[in-house]
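Worksheet: the structure to be examined is printed underneath.
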Amino acid sequence: MEISKARFAALCICHSILFLFSILLLGLLLSGILTTERNGLYLVLGSIILFSSIIGIDNILKMLEERKIA
């Protein structure tokens, strides 16, 4: 799959930001700094964002590997 360099860069930046945001959210929740009545919901949302960003970063790495081989 061919994508432009600008779109690839935007994809990398977005997934990196999502990853860092989810790590920050989960870290604040689990350390007890951020306490709300919806902690369970935020833990689930943070976990979903974390796993989706990890999958996205994995796909980006696969695309890079395909570009090196091709």
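The phi-based Karplus calculation (6.51 cos²θ - 1.76 cosθ + 1.60; θ = phi - 60°) puts the 3J(HN,Hα) values of the range 57-67 at 5, 4, 5, 5, 5, 5, 5, 4, 5, 5, 5 Hz, whole numbers, x for Gly and Pro.
Amide H to amide H, with H built 1.01 Å from N, residue 34 comes under 5 Å of 29, counting only residues 5 or more places away or on other chains.
Take every pair of alpha-carbon atoms less than 8 Å apart whose residues are at least six positions apart; their mean separation over the length of the chain yields a relative contact order of 40 percent.
First compute the accessible area of the chain with a 1.4 Å probe, then give the percent of it belonging to carbon and sulfur atoms.
Details: 3810 of 5340 Å².
Here it works out to 71 percent.
For residue 55 and residue 34, FRET efficiency with R0 = 30 Å and r from the beta-carbon atoms, rounded to 0.05? Walk me through the intermediate numbers first.
Working: r = 25 Å, r/R0 = 0.83.
About 0.75, to the nearest 0.05.
What is the log10 of I(q)/I(0) for the chain, computed with the Debye formula using one identical point scatterer on each Cα and no solvent, at q = 0.17, 0.27 Å⁻¹? Values returned for q = 0.17, 0.27 Å⁻¹ are -0.66, -1.13.
Please give the length that would be gained between residue 12 and residue 44 if that part of the chain were fully extended, namely 0.36 nm times their separation in residues minus their C-alpha to C-alpha distance (nm, one decimal). Before the final figure, lay out each step's value.
Details: separation 32, 0.36 × 32 = 11.52 nm, distance 2.36 nm.
The residue 12-residue 44 span can extend by a further 9.2 nm.
Using only side-chain charges placed at the Cβ, +1 for Lys and Arg and -1 for Asp and Glu, the dipole size of the chain relative to its Cα centre rounds to 180 debye.
The values are calculated or read from the model by the stated rules, or taken from the named source; none is laboratory data. Being a predicted model, the structure only gives us computed values, none of them experimental. Neighbour counts run over all protein chains shown; Cβ positions are idealised from the backbone, glycine included. Ligands, DNA and RNA are excluded from the accessible area calculation, which covers all protein heavy atoms including side chains. Shrake-Rupley method; radii C 1.70, N 1.55, O 1.52, S 1.80 Å.
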